[in-house]
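Notes for the one structure printed next.
The values are calculated or read from the model by the stated rules, or taken from the named source; none is laboratory data. Owing to the predicted nature of the structure, the values given are computational and were not obtained by experimental measurement. So basically every Cβ, Gly included, is an ideal-geometry build from the backbone, and we count neighbours across all protein chains shown. Protein only, heavy atoms only, side chains kept; ligands, DNA and RNA dropped before computing areas. Shrake-Rupley method; radii C 1.70, N 1.55, O 1.52, S 1.80 Å.
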Number of protein chains: 2
Amino acid sequence: MNWAHLISHRETGQTIQGALRQSIIGAIGDGRLSAGQQMPPSRTLAEQVGVARNTIIAVYEELVARGYLISTQRRGYFVDRNAGALAVNENEVSAKIAPAQAIWSERFAITPAAFRNISKPANWQEYRYPFIYGQVDPELFPIAVWRTCSRDALGRSAVNYWAADHAVDDDPLLIEQICRQILPQHGVFARPEEVLITLGSQHGLYLLSQLLVRPDDTVGIEEPGYTDARNIFLLSRGQIRGVPVDRDGLRLGPWLDGLRYVVVTPAHQCPTMVTMPNQRRQALLDWARTTDTVLIEDDYEGETRFDASMPALKSMDRDGRVIYLGTLSKVLAPGVRIGFMVAPEAVICEARALRRLMHRSAPLNNQRTAAIFLAEGHCQGLVRALRAALHDRWQAVCAAVAVDLPDFQRSQSTGGSSIWLTCPSDIDPQKLYAAARERSVLFEPGDAFFAHPPATRHIRLGLSSIPADRIPEGVRALADAVRQVRSDLP
Amino acid sequence: MNWAHLISHRETGQTIQGALRQSIIGAIGDGRLSAGQQMPPSRTLAEQVGVARNTIIAVYEELVARGYLISTQRRGYFVDRNAGALAVNENEVSAKIAPAQAIWSERFAITPAAFRNISKPANWQEYRYPFIYGQVDPELFPIAVWRTCSRDALGRSAVNYWAADHAVDDDPLLIEQICRQILPQHGVFARPEEVLITLGSQHGLYLLSQLLVRPDDTVGIEEPGYTDARNIFLLSRGQIRGVPVDRDGLRLGPWLDGLRYVVVTPAHQCPTMVTMPNQRRQALLDWARTTDTVLIEDDYEGETRFDASMPALKSMDRDGRVIYLGTLSKVLAPGVRIGFMVAPEAVICEARALRRLMHRSAPLNNQRTAAIFLAEGHCQGLVRALRAALHDRWQAVCAAVAVDLPDFQRSQSTGGSSIWLTCPSDIDPQKLYAAARERSVLFEPGDAFFAHPPATRHIRLGLSSIPADRIPEGVRALADAVRQVRSDLP
């Protein structure tokens, strides 16, 4: 070490001893001198710095007294093992240690916190008219039944199963229930080896984005589409491309050329809620086969669709090129986080291995509780109740919008847990959002669903958390907000 | 489309009509002809193929009769929208449609299923002497207490909280308990903004590997070290490098030059179980500061260490360059999957956003149950019981190995839930593994912990699932297996 360089700076009015002491503490503080390191002999340092040897000895002894150095009879002075911590706490070196802190902004490989996404106020439950999406209505959650199932999952033999570290396997009882009870309702028949339990359908998208997308691959994402699907594939190795949507859902056309994967929401296109008709589905599958493309079907509200007559796209898939993602979040509450992926065994095998590295399995006590819930037949009744409640709300909101927001155009849907509205050209959704909140109305501005927000502006009214009888009032309050925005116009 | 090329192959003994029909069905089956596509005029095709026009018309009519084509009065013949599915089902084209199936092996961007890792037989609970690691002993899991906490987490107001979709936030009650009760035991004091709930400490490694590691970065992984840590960082954008370990843990030296991150297990080095002494810790921190490196401290059995006197490396960190990963898996059972990450707020913020994209939050019902469990003070008693049980087992295994396996060298540790043995040079761990299983003894061969297995061979005896009173017998049975391996030698 170049000691002369280390001890070179002397501030105005500082004694030579003070400058030396501060320099050594500074070097300890920023790590240039490390614990246990031997200090140069006083004679050597005196020569290098150009001071009397006694000056160096006095500085060393002062540093021993202050705990930075230790002196040994024969071998000289060493940096104390706690000196680093001491030095950092020392005010006089605080300016020097700042560079020792990691500069995190320069370290991130990705910065997902900067991604656009849909957010809602944390206190949304305090709003009288929460037209938001993705929340279950806590009143509809079957607490008593879930409590019983949860208790049964805590029997000794069940605990012996789930308390263990099943690094790779899912609860076979849950897989069985999903294969027997959930999937066939969507026309999907899968073997257990073709099913993986995920932490919600979004987790399935993430696993696939990491597993399948290579640097040269381009993934088609509906535009407008699910914001986090776009964000997830932005994190993958490949590229993404927006695919336009019309009133029949994802559109076929030249924009599909060269895509290797397409994420599609055929049942209820997110966010427009339109349903893809059978003919378009067949054409999409035909195209996928011709071009060797894989379709990722996100059936994010499969269980609560009350227009459940149309089977999944996956049910029409004859050569295993549709991967189906489902979830129980809309039935069992999102907080429980249970979803599933149906895919060819080779894909499930790799997805399972990736999931093992990410976090091993999905919490097994929840898997077992959900398995019991399904096995005891509680799901069908709950689904019926949820569908009925959503149907009432959907009818209420459609009727109210037709009356009170006549110049808002509603995207044609046959159901679902939200509606999608196109605003009149004189209404700015951001201003409307603010005016609505003043009236205790929450909705979701539509821009977040677009990679490139268009000139026409949209809003989404979610139905999962607002009771049907409050919807007419809520829409009237929203219409009030529209009037205010208009009256504020210059 | 080159029709002559499409319809070119005629098998021996096949009529020209049969060959044409089969070719068209094959092209429909593998997607070269897609639904709705217009067939060429019979005159055109007849010329291209070199047959009479009536032959083509006969083939078209046959295909209409069989549902592959539809004919319209004026415009000619089109591929029926269901023809693809029909063709796939047709036996005669089964050979031709195989290429329509996605070839998954060519699609994977990563193939984590091929990674080496530690596995154990699924039926490990049937072994009398399961010297395995990472499982809790189900007998020690406090079912009754957990059941009570679980019930309390299912009260209406608690459900109102956790049933909702908290896309980004953790349960504030759990964060508070971790900050107040868990972390201070390790000398770590963190604000809530510096803590993220993970699905076990491994999940923390995964989040960091994706978040922080850039293509030019190299990550140091202990050698030997935790297999899945190596695998996780193999999936990152950067490179990994093995860092040697001695009896004081991770070694400082030139192999650290240029590393940007180091994953370190100072408390109980995985798998050797040695503890890093204070002086080495300080030197490591000093080195990290000097070189602007970030240390990732994996305290994977923080709560159950019975030699808990030494605080975490993180407690000595003065400039926020140690990220601490902890877990409650060893206390609350791995199946519940609750861990935590302590890091500067900037890191937690991005990790939270990444977790949101991966799977939103960790299941909130489990978070709330764990929070109640901690808040009601059940953790300390449980930890005491677990530590006492592990201490008994550790003493039993050390004593038994000294007596019955005298030529196996035990790595010097002061506790922990496993021991690490070096085999005598004449013992092949794979042969020993097989001989041991015949005696109902399970252990873990050590090679999986090395990126480059060395000439000296090791085994790990895990203690988390075998009762203390069965350990002496188990070690004797293992000694029997050693004798058998020796007697089998040529």
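Given R0 = 56 Å, the distance between the Cβ atoms of B:Arg74 and A:Asp428 translates into a calculated FRET efficiency of 0.60. With helices as the sole contributors, chain B gives -11500 deg cm²/dmol at 222 nm; each DSSP H run of n ≥ 4 counts as -39500 (n - 2.57), and the sum is divided by every residue. Counting charges near A:Leu207 (Lys, Arg +1; Asp, Glu -1) among other residues having Cβ under 12 Å from its Cβ returns a value of +2. Shape call for region A:180-335 from the C-alpha gyration tensor, a ≥ b ≥ c root eigenvalues: rounded (a/c under 1.5), prolate (a/b greater than b/c) or oblate? Note, shape of region A:180-335 comes out rounded. Please pull out the direction-averaged projected area of chain B, using the convex hull of its alpha-carbon atoms, in nm² to one decimal place. The Cα convex hull of chain B, projected and averaged over all directions, gives 34.4 nm². Sequence-ordered 3J(HN,Hα) estimates for region B:102-108 from the Karplus curve with 6.51, -1.76 and 1.60 and θ = phi - 60° stand at 5, 9, 5, 4, 8, 9, 5 Hz, glycine and proline given as x.
Modelled label positions at A:Arg116 and B:Leu489, each set 7 Å beyond Cα in the direction of Cβ, lie 7.1 nm from each other.
Rounded, prolate or oblate, given the Cα gyration tensor of the protein assembly as shown, with a/c below 1.5 counting as rounded? Prolate. DSSP beta bridges fully contained in chain B are about 55 percent antiparallel. Considering the options A:Ser157, A:Ile103, A:Gln177, tell which one lies farthest towards the positive end of the dipole of the protein assembly as shown, charges being +1 on Lys and Arg and -1 on Asp and Glu at the Cβ, about the Cα centre. Checking the options against the dipole of the protein assembly as shown, the answer is A:Ile103. The length gained on full extension between B:Asp480 and B:Arg384, counted as 0.36 nm times the residue separation minus their Cα-Cα distance, comes to 31.1 nm. In a reduced charge model with +1 at each Lys and Arg Cβ and -1 at each Asp and Glu Cβ, region A:339-416 shows a dipole moment near 380 debye about its Cα centre.
Summarising the amide proton neighbourhood of B:His458: residues at separation of 5 or more, or on other chains, whose placed amide H is nearer than 5 Å comprise B:Cys423, B:Gly446, B:Asp447. Legend: calculated FRET efficiency, B:Asp392 to B:Ala451, from the Cβ-Cβ distance at R0 = 41 Å, rounded to 0.05, equals 0.75.
Per residue, the accessible area of region B:144-296 comes to 31 Å², computed with a 1.4 Å probe over protein heavy atoms only. Of the trypsin sites (Lys or Arg not before Pro) found in region A:105-158, not one falls in a DSSP loop while having at most 11 other beta-carbon atoms within 10 Å. Ordering B:Leu382, B:Cys349, B:Ile471 by Cα displacement along the dipole of region B:336-489 toward the positive end leaves B:Cys349 in first place; charges were set at the Cβ atoms of Lys, Arg (+1) and Asp, Glu (-1). Each part gets one Cα centre, and for region B:190-263 versus region A:388-420 those centres are 51 Å apart.
Amide H contacts for A:Gly220 (H built 1.01 Å from N in the peptide plane; partners 5 or more residues away or on another chain; cut-off under 5 Å): A:Arg241, A:Arg260, A:Tyr261, A:Val262, A:Val263. Among the listed pairs A:Lys120/A:Lys330; B:Lys330/B:Lys431; B:Lys120/B:Lys431; B:Lys120/B:Lys330, which are separated by more than 26 Å between their Cα atoms? Long pairs (Cα-Cα over 26 Å): B:Lys330/B:Lys431.
Peptide B:30-36 shows a mean partner chain C-beta count of 5 within 10 Å per residue C-beta. Rounded to the nearest 5, the antiparallel percentage of DSSP beta bridges internal to the protein assembly as shown is 55%. For region A:294-361, rounded, prolate or oblate, judged on the Cα gyration tensor with a ≥ b ≥ c (square roots of eigenvalues), a/c < 1.5 rounded, else prolate if a/b > b/c? In terms of gyration-tensor shape, oblate. With each label modelled as a point 7 angstrom along the Cα→C-beta vector, the A:Thr44-B:Ser440 pair spans 6.6 nm.
Summing Cβ point charges (Lys, Arg +1; Asp, Glu -1) relative to the Cα centre of region B:172-303 gives a dipole of roughly 180 debye.
What the phi angles of region A:175-183 give under the Karplus curve with 6.51, -1.76 and 1.60, with θ = phi - 60°, is a coupling list of 4, 4, 5, 5, 5, 8, 10, 8, 4 Hz, glycine and proline written as x.
Quantify, in whole percent, the carbon and sulfur part of the accessible surface of region B:238-314 (1.4 Å probe; protein heavy atoms only). Heavy-atom surface of region B:238-314 belonging to carbon and sulfur, 1.4 Å probe: 50 percent.
Apply 1/(1 + (r/R0)^6) to the Cβ-Cβ distance of A:Arg247 and B:Asp152, taking R0 = 45 Å, and write down the FRET efficiency to the nearest 0.05. That pair, A:Arg247 with B:Asp152, gives E of 0.40.
When DSSP beta bridges are restricted to pairs lying wholly in region B:215-345, around 25% turn out antiparallel.
Sequence-distant contacts, meaning Cα pairs under 8 Å at least 6 residues apart, place the relative contact order of chain A at 18 percent. Interface between chains B and A: roughly 9100 Å² of accessible area buried, both sides summed (probe 1.4 Å, protein heavy atoms only).
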